[in-house]
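As structure tokens, the structure follows; a few thoughts come after it.
The values are calculated or read from the model by the stated rules, or taken from the named source; none is laboratory data. Since we're looking at a predicted model, the values are computed, not measured. Because the Cβ atoms are built from the backbone with ideal geometry, glycine has one as well, and the counts that use them run over all protein chains shown. With ligands, DNA and RNA removed, areas are computed over all heavy atoms of the protein, side chains included. Shrake-Rupley method; radii C 1.70, N 1.55, O 1.52, S 1.80 Å.
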Amino acid sequence: MGDEAATTAGQGGKRGITAEDLYRFTYVADPRITPDGARVAYAVTTIDREANAYRSRIWVAPSDGSAPPRPFTAGPNDTAPRWSADGRWLAFLRKRGEKDARPQLWVMGARGGEGWQLTDVKEGAADPQWSPDSARLAFTSKVSLADEAAAASGEEQQDEPKSDVKVIDRIKHRMDGEGFYGDKRRHLFVVPLRDLERAEARQLTFGDYNEVAPAWSPDGRVLAFASARHDDRDFDNKGDIWVIAVDEERPEPRRVTRTTGPCASPAFSPDGATIAYTGHDNAPDYGPTTQTGLWVVPADGSAPPRNLTAALDRPVGSGVGTDSRYGTPEARPIWTPDGTALLCLLEDEGRVGLVRVDVAGGETAQILGGDRQVTNADRSADGARLAFAAGDALMPADIFTCAADGADERRLTDSNGALSAEVELRAPERHRYQAEDGQDLDAWVITPPGFDASRKYPLVLEIHGGPHGAYGESFYLEFQLLAARGYVVLYTNPRGSSGYGQAFVSAQRGDWGGVDYRDVMAGVDWLLAQGYVDERRMGVTGGSYGGYLTNWIVGQTERFKAAVSGRSTSNRYSHYGYSDMGSFTGDWEFLGPPWERAEHYLERSPLTYAPKVTTALLLESQENDQRCPIPQAEEFFTALRKLRRADVQLIRFPDESHGMARGGQPRHRVERL
């Protein structure tokens with residue numbers, strides 16, 4: 001299908017991009033601006049080809065762009081830069097040694113010099129946050145329940161061989177990318193700043209719970225955090241925002257929200273009276289597909305939370321995907337210094353910008369927009385200057401600064417400029433087409449170098465994951481690689497995609513392989529009508545839910561010559577129990593559990609239609625995938641081989657999880673491409 005590769009790629013003085021170019025990409029993320037707004041620290045990640053590993057360092061740049069950025073730490077794996085409130089210190093996480101080493105909290109002076117290790121916690125530190133007085137840091141770390149019990153009883157743990165047998169007594173016992181939880185739970189810690197020496201960290205929360213996203217109150221007396229501590233937490237997606245007094249000897253957490261849906265990313269208002277957070281309330285008609293909103297709640301929990309963005313009919317945060325990002329943390333709401341408004345990311349039809357939301361009435365103003373994806377932002381102490389990371393369809397994220405209203409934007413980095421100057425990258429064209437029922441839908445088309453509309457080209461249809469993710473204004477190496485090899489690349493946002501409103505994202509419920517399939521195929525028909533695609537040479541591919549729909553498509557139509565199905569599902573009945581999230585997504589997406597809806601589960605399983613598959617199919621899976629476990633691909637592969645389908649192949653990537661295409665071992669990523 002790619003015969004044009006030799007003649008179309010590399011015209012115009014530039015060469016076509018290759019899979020091997022993955023090793024040359026630089027990823028920047030997590031910008032943090034100094035309190036005085038003068039400098040920006042951020043994490044820079046590159047690939048060590050020989051070691052088959054990622055290497056990260058902290059870099060610093062003047063926020064006005066008056067001088068080139070410079071490396072600030074030595075690595076080899078430094079991430080999560082955090083300036084102290086007084087501007088004197090930079091804290092960061094450093095992982096030393098082999099890939100299984102635990103990251104510890106390090107500190108160095110704001111002007112550079114030698115850093116020192118502040119913590120030495122058994123399971124490593126995560127998500128460091130400075131106290132307002134710059135005297136201590138909060139962070140999270142995992143703790144064994146057995147170790148916790150031994151410490152509470154005053155008895156020392158016996159150094160005996162531990163069994164490798166897994167005893168499972170709950171549904172939520174594993175997570176893709178993390179593996180089996182065992183008896184370890186993530187808790188809050190606080191550590192005092194010690195100049196040039198390690199300090200003893202104090203554990204604040206305990207028990208059979210997981211706490212994340214610590215946030216200090218302005219007076220430094222309280223931490224807010226997100227956690228699911230209700231009795232039915234094993235059976236739902238709910239969580240709460242909690243607060244805990246930092247200086248009490250054994251403080252008890254206090255719940256602030258009402259246990260109606262997932263809550264995340266708390267942030268105290270400047271006066272400490274209010275907590276902002278992101279989440280949703282599992283609206284009756286939309287359940288877990290309810291759009292994420294920006295909420296505020298009194299810090300004492302005395303009144304119900306308010307959703308400030310409900311009227312926007314767009315989700316807070318971002319569901320827009322990319323295969324070229326590394327180390328991007330969850331974006332938190334940002335208060336303005338006067339406490340009257342909040343800044344947050346907002347997704348809108350494939351674009352992700354930064355908006356200002358008025359706390360009193362919910363009025364919204366765009367701060368950062370355009371055809372791009374903003375991924376993180378931070379503000380100076382006075383709110384006058386913002387630092388942010390953003391990328392677009394031709395550029396993985398770079399670091400920028402701007403004024404509080406979005407004016408005076410300055411680009412501080414050009415992380416992949418040298419590579420971009422060497423290879424020909426093709427700008428996607430955005431189009432609107434209509435589904436068979438008249439619904440307007442978005443499509444993007446990338447054409448090969450030297451494109452001539454009078455010729456006929458092979459097509460690759462790409463399908464995003466989720467299903468409630470989205471394509472948009474973001475860079476995909478995979479798409480550029482296919483275009484360089486002579487393919488036209490089509491990608492669309494069918495119903496079920498995020499960023500188009502509540503009704504759109506929830507329209508797929510109970511209809512996987514229905515409205516989504518028809519929407520995608522309408523996009524193919526629209527592109528064929530443009531006259532430059534060879535209908536005899538069409539391929540289809542996707543990962544995760546995109547792999548499901550790829551499997552579904554080849555069982556419904558013979559229009560595609562070849563298909564590549566990545567980290568997919570084929571049997572929705574068995575996926576309910578196989579997957580780390582199968583029983584939760586299944587109850588909503590398939591209208592109930594399989595023992596109540598067996599006919600529907602089997603009807604919407606690609607495995608059911610295996611006898612109809614004639615398309616050449618490559619199944620690609622990861623052996624440690626907990627989201628779409630490898631038996632899903634094996635079931636489909638076995639069925640097709642039993643049916644004597646010669647053109648089917650299964651590729652297994654060892655020691656990789658569901659997210660391999662975005663953050664797996666570099667060599668495996670290159671081989672996959």
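Between residues in region 244-264 that are under 12 Å from residue 205 (Cβ atoms) and residues that are polar (S, T, N, Q) and part of a loop (DSSP other than H, G, I, E, B), which pairs lie under 9 Å by C-beta distance while being six or more apart or on different chains? Short answer, once both residue conditions are applied: 244/205; 246/131; 246/217; 251/205; 253/205. Contact map, region 410-429: residues that are without any contact (Cβ under 8 Å) to a residue 40 or more places away in the chain paired with residues that are not in a helix (DSSP H, G or I), Cβ distance under 7 Å, separation 6+ or inter-chain. Pairs shown: 414/398; 427/393; 427/394; 429/444; 429/445.
Checking each residue in region 623-651 for being surrounded by 19 or more Cβ atoms within 10 Å (Cβ to Cβ) and either at pLDDT below 95 or not hydrophobic (A, V, I, L, M, F, W, C) (or both) picks out 625, 626, 627, 629, 632, 635.
Condition check ((1) closer than 22 Å to residue 152 by Cβ; (2) of a type in the set (Asp, Glu)) across all residues:
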residue	(1), (2)
183	yes, yes
190	yes, no
217	no, no
227	yes, no
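The selection criterion, being in contact with an Asp or Glu (Cβ under 7 Å, 6 or more places away or on another chain) and buried (at least 17 other Cβ atoms within 10 Å of the Cβ), holds for residue 656.
Beta carbons closer than 6 Å, at least 6 apart along the sequence or on distinct chains, pair a first residue in region 193-216 that is within 21 Å of residue 83 (Cβ to Cβ) and open to solvent by less than 20 Å² (accessible area, probe 1.4 Å) with a second that is at pLDDT 95 or above and assigned to a loop (DSSP other than H, G, I, E, B) for 199/118. Picking from residues in region 394-407 that are in a loop (DSSP other than H, G, I, E, B) and out of contact with any strand residue (DSSP E or B) (no Cβ under 6 Å at 6 or more places or on another chain), the one that is farthest from residue 377 (Cα to Cα) is 394. In region 153-177, of all residues being exposed (fewer than 14 other Cβ atoms within 10 Å of the Cβ) and in contact (Cβ under 8 Å) with a residue 12 or more places away in the chain, the one that is nearest to residue 210 (Cα to Cα) corresponds to 170. Within region 48-93, the set of residues being among the acidic types (Asp, Glu) and in a loop (DSSP other than H, G, I, E, B) comprises 50, 64, 86. Select from region 109-135 the residues that are open to solvent by 40 Å² or more (accessible area, probe 1.4 Å), of a type in the set (Asp, Glu) and within 28 Å of residue 148 (Cβ to Cβ) and list them in ascending order. Selection gives 120, 127.
How many residues, within region 272-293, are of a type outside the set (S, T, N, Q) and not in a loop (DSSP other than H, G, I, E, B)?
Adding up the residues that qualify gives 7.
Among the criteria (1) of a type outside the set (Asp, Glu); (2) closer than 23 Å to residue 321 by Cβ; (3) surrounded by fewer than 17 Cβ atoms within 10 Å (Cβ to Cβ), the one residue 666 does not fulfil is (3). When the residues of region 524-561 are narrowed to those that are in a helix (DSSP H, G or I) and surrounded by fewer than 24 Cβ atoms within 10 Å (Cβ to Cβ), which ends up farthest from the chain's Cα centre (by Cα)? Among residues in region 524-561 that are in a helix (DSSP H, G or I) and surrounded by fewer than 24 Cβ atoms within 10 Å (Cβ to Cβ), the one farthest from the chain's Cα centre (by Cα) is 528. Of the strands (runs of 3 or more DSSP E) lying entirely inside region 103-203, those containing at least 3 residues that are farther than 30 Å from residue 239 by Cβ are 104-109. Taken over region 458-505, residues that are under 19 Å from residue 424 (Cβ atoms) and in contact with a Lys or Arg (Cβ under 7 Å, 6 or more places away or on another chain) amount to 3. Under the condition of being aliphatic (A, V, I, L, M) and under 21 Å from the mean Cα position of the chain (by Cα), the residues counted in region 172-202 number 1. Which of the residues that make up region 73-124 are among the hydrophobic types (A, V, I, L, M, F, W, C) and in contact with an Asp or Glu (Cβ under 8 Å, 6 or more places away or on another chain)? 80, 85, 92, 93, 106, 108, 116, listed by residue number.
Quick test for you: out of 386, 394, pick the one residue that is modelled with pLDDT of 95 or more, touching a helix residue (DSSP H, G or I) at 6+ places or on another chain (Cβ under 8 Å), on the phi < 0 side of the Ramachandran plot and not aromatic (Phe, Trp, Tyr). Quick ask: steps written out before the conclusion?
Working: 386 fails: touching a helix residue (DSSP H, G or I) at 6+ places or on another chain (Cβ under 8 Å).
Checking each option against the conditions leaves just 394.
Considering each of 348, 358, 338 in turn, give the residue that is surrounded by 15 or more Cβ atoms within 10 Å (Cβ to Cβ) and either out of contact with any helix residue (DSSP H, G or I) (no Cβ under 7 Å at 6 or more places or on another chain) or under 17 Å from residue 397 (Cα atoms) (or both). Only one candidate qualifies: 348. Suppose we keep only residues that are surrounded by fewer than 18 Cβ atoms within 10 Å (Cβ to Cβ) and over 25 Å from residue 246 (Cα atoms) within region 78-108. Which one would you say is modelled with the highest pLDDT? Here the answer is 96.
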